[in-house]
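See below for the structure under consideration.
A short reminder: the numbers here are calculations on the coordinates, not readings from a lab. Keep in mind that this is a model prediction, so the values were computed, not measured. For neighbour counting, all protein chains shown are included, and Cβ atoms are generated from backbone atoms with ideal geometry for every residue, glycine included.
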Amino acid sequence: MGHNNKNIQELMEAYAGGTATEEELRELTDRLAESAEADAGNFEAYVLKLLKSYPEEKKEEQVDWEALWQRIQAFKETSVQPETAVVKPLRTVVRKGFYWYRAAAILIVLLGAATFWYIYNKRENVKPVARQPVQDVIPGGNKATLTLADGVVIALDSATQGEIAMQGASSVEKLSNGQIVYTADASKSGKVLWNTMTTPRGGQYRLRLPDGTQVWLNAASSITYPVAFKGNTREVKISGEAYFEVAHDEKHPFIVTMLPKENISRGSILVLGTHFNVNAYPEESSVRATLLEGKVQVNTAFGKATLAPGEQALMNNKAPQIFKVNVEQVVAWKNGLFNFNQVSFDEILRQLSRWYDVEIVYNGNVGTKKFAGEIQRDLNLSEILKVLKEASGMQFRIDGKRLIVE
């Protein structure tokens, strides 16, 4: 948005005096939201700093703090309406409504700041009270470790761009976008070496295997693979969640094996060339394989089934069950979103726990309520909780690395 020639103090004074236009109000909230300090969530400290920068005569003579107090209070009462808190598509609440939700929050902070300065200027004996910082948790990001065949572990998020290792005849390179790429010299042969990429809670990463297959690894997941595919098949092993875009090679089928849970096999997926998602977290009762395009066959100790695009196989201690699903919802995590359409509150909390690396503590019954809509995964945890609180009526509290549900 283009800004006019007024500085932020003039915009605040116009708002206090009741002369600010809608464009100036939008610009004021834009200016506050664009601040690095405001983006970090410390709105109050930022606004107080702005007010402290006023010349003393401006505080007393040009800004009517009582008027500012009243007008922001009126804005608070009219800007955030109850209907944004009902269970409705969260895309609207966050994507379309988030600008004014944040604007309202900023102006409500102005109310507190105005109150502080009014008391400060009118009552010399009153000292400002130090406020405790609000605890919050930032979202996850591109973090992973790579364990080489000899046991050496490389922290990928801090590794420099370029070649980071040689594994047999394969070069391991980190690209400018952070992706790890394996390039195998097909003319050389030797012992099959295996590497493992592991994402922590609060991490995700992207990998290109030596055959050109692309892999996206979600939080708290791992994939083990050979640094060069040899023989008649291409086999990898996973735990957690991964999205695959498999390079087509009809003569060498691609096989994904889910790592055992409590020494019990969780099955495998046979692929020729396709796009699919696998959710095989140990804490989930079933493995879910979802096909976006192509064709896959799922195999378990209890049977096998072939998936068509748009279908999901549920694999547990019985024959695979096949369902039609919304594939956009299944791969929302890969596209930077939480999709909570018809997702139970327990599952939502497990997703938040993995992405924000927090422990969930239940002090109350979460019930069986389900939700609808999407929320960006790049928001701080407190912003996600605001929306969930409005939609569910549940109370949340962040205590360090614990999310307490009350």
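Tell me whether segment 317-381 comes out rounded, prolate or oblate; compute the Cα gyration tensor, take square roots of the eigenvalues as a ≥ b ≥ c, and use a/c under 1.5 as the rounded threshold. Oblate is the answer for segment 317-381, as a/c is 1.5 or above yet b/c matches or exceeds a/b.
Net length available on complete extension from S187 to T21 is 52.7 nm, with 0.36 nm assigned per residue and the Cα-Cα distance removed. This model, with +1 at the C-beta of Lys and Arg and -1 at the C-beta of Asp and Glu, gives segment 207-350 a dipole about its Cα centre of some 320 debye. Taking segment 221-248 and a reference point 7 angstrom along Cα→Cβ of K334, the backbone N atoms nearer than 13 Å belong to 241-247. Just to check, using Stokes-Einstein with a Kirkwood Rh over alpha carbon pairs, what's the diffusion coefficient of segment 197-296 at 4 °C and 1.567 mPa s in µm²/s? The calculation lands on 96 µm²/s. Over all directions, the projected convex hull of the C-alpha atoms in segment 251-398 averages 9.9 nm² in area. If a/c stays under 1.5 just call it rounded; otherwise compare a/b with b/c (prolate if a/b is bigger, oblate if not). Do that for segment 344-406, with a ≥ b ≥ c from the square roots of the Cα gyration tensor eigenvalues. Taking the square roots of the gyration eigenvalues as a ≥ b ≥ c, segment 344-406 is rounded.
Highest-first packing order for the peptide set 235-245, 163-173 is 235-245, 163-173, based on the mean count of other beta carbon atoms within 10 Å.
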